[in-house]
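Here's the structure we're looking at; comments come further down.
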Amino acid sequence: MISREKMDKHSKIYVAGHTGLVGSAIVRELKRQGYNSLLMISHDALDLRNQQAVNDWFKKERPEYVFLAAATVGGVVVNDRFPGTFFYDNVAIGVNVIHAAYESGVKKLLYLGSNCIYPREAPQPYSEESLLKGLPEKTNEAYAIAKIACVKMCEFYNRQYGTDFISCMPCNAYGPGDNFDPEGSHVVPALIRKFYEAKETGASKVVMWGTGKPYREFIYIDDIAKAAVFLMKEYSGNEPINIGTGTEFTIGELAEIIKCVVGFEGEVVHDTSKPDGMPKKLLDSSKIFALGWKPETDFETGIRITYEDFVKNEKKYIK
Ligand code: GFB
């Protein structure tokens, strides 16, 4: 059994995926809280899909705590188009890092899952118990099955080896530093970019994907980071923990909010040849609320911050 020591300000903490949306927010939050021994390594220097390289790096660096936020991610269209990549990358990254953490005696690991792992037809809001009680949505089946495998791996290692590996399921994340690529991005950055470019070029309309009818629950990235650090300190157990806000919007409502924040005055039209994906995926976050965490950033504030950052750093985001 690995000792249940609490992370302290000098603990060696590895954030896997530190350049991504979630990982970079976790790094900011850890620094804000005074953790001063953070380990990060770029994708070029360490390919997390290579088990031997990952094992060697863990043996050399000996992290004590691991936030596993590295993943290949993207919006509904790329999930559907590249299932092989989404499956392989996410299984390999998760399996390699979790196994290396076990082998090198990591004290605690937090795995970042996703709301899409829950069965499409399970009752909503999804409680953690609905995991594996049905099939995932087809458009993100590969990503969901990869993430489910890693969530379960944490549980299996706890059961067999006495490790302290936990997992959490955030709802749809957004915030500064996101991917704004028109094809590969998620809906929030995609619509921010589309409305901004339409306003700048004087276009009369913006095309959004699907019917606009699906519901989504969005969470500002700093709130996920606070929840992740909170869970690392306060929670141990085999059951994954949902991280949500409890509030959902239709994609049509989301488009209206972003349109208003950006100040675009034209029309919004729908491209229904693009998939809607899940009709709805609201999380039941009562477990984390009962533990003592709550989201802090209201949706419109988060969208404004994200939009202002996008405008300020446009050149970085539009390559
Ligand atoms: O954000 P998004 O790609 O992810 O799409 P999912 C959410 C909804 O927004 C879908 C609609 O109904 C899209 O059809 N949408 C409207 C758009 N306009 C756009 C647009 O310009 N770009 C995008 N991307 N969507 C992904 C999963 O699902 O989200 C992953 O495929 C993962 O596995 C992740 O769970 C969080 O919420 O549909």
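The values are calculated or read from the model by the stated rules, or taken from the named source; none is laboratory data. Predicted model only: the values in this text are computed from it and were never measured. Every residue, glycine as well, gets a Cβ built from its backbone with ideal geometry; the counts of neighbours run over all protein chains shown. We work out accessible area using only protein heavy atoms, side chains counted, and drop any ligands, DNA or RNA first. Shrake-Rupley method; radii C 1.70, N 1.55, O 1.52, S 1.80 Å.
A few comments on the model shown:
- Over segment 225-302, the pair-distance histogram of Cα-Cα distances with 5 Å bins from zero comes to 3, 11, 18, 18, 14, 14, 10, 7, 4, 1, 0 percent, rounded to whole numbers.
- Spatially near lysine pairs across segment 197-263, Cα under 26 Å, sequence gap of 8 or more or different chains: 5
- Mean separation of Cα contacts under 8 Å, 6 or more apart, over the residue count of the chain: relative contact order %: 20
- The accessible-area ordering, largest first, of the residues ILE305, ILE251 stands as ILE305, ILE251, per a 1.4 angstrom probe.
- Cα-Cα pairs of segment 40-109 separated by more than 14 Å (percent): 59
- Computed over segment 114-172, Cα set: Rg, Dmax in Å: 11.9, 35
- A 1.4 Å probe run over the chain, with the rest of the protein chains in place, finds 43 Å² accessible per residue.
- Neighbour-limited loop hits for GluC sites (Glu not before Pro), segment 80-144 (at most 16 other Cβ within 10 Å; DSSP other than H, G, I, E, B): GLU121
- With respect to the chain, whose longest principal axis is taken over its alpha-carbon atoms, helix 141-161 is tilted by about 20°.
- Dividing the Cα radius of gyration of segment 178-260 by 2.2 N^0.38 Å, with N the residue count, gives 1.39.
- Normalised alpha carbon radius of gyration of the chain [divisor 2.2 N^0.38 Å]: 0.98
- With all protein chains in place and a 1.4 Å probe, the accessible surface of the chain carries 52 percent carbon and sulfur.
- Backbone phi angles across segment 98-114, fed through the Karplus curve with coefficients 6.51, -1.76 and 1.60 (θ = phi - 60°), yield HN-Hα couplings of 5, 5, 5, 4, 4, 4, 9, x, 4, 6, 7, 9, 10, 9, 8, x, 7 Hz in residue order; Gly and Pro are listed as x.
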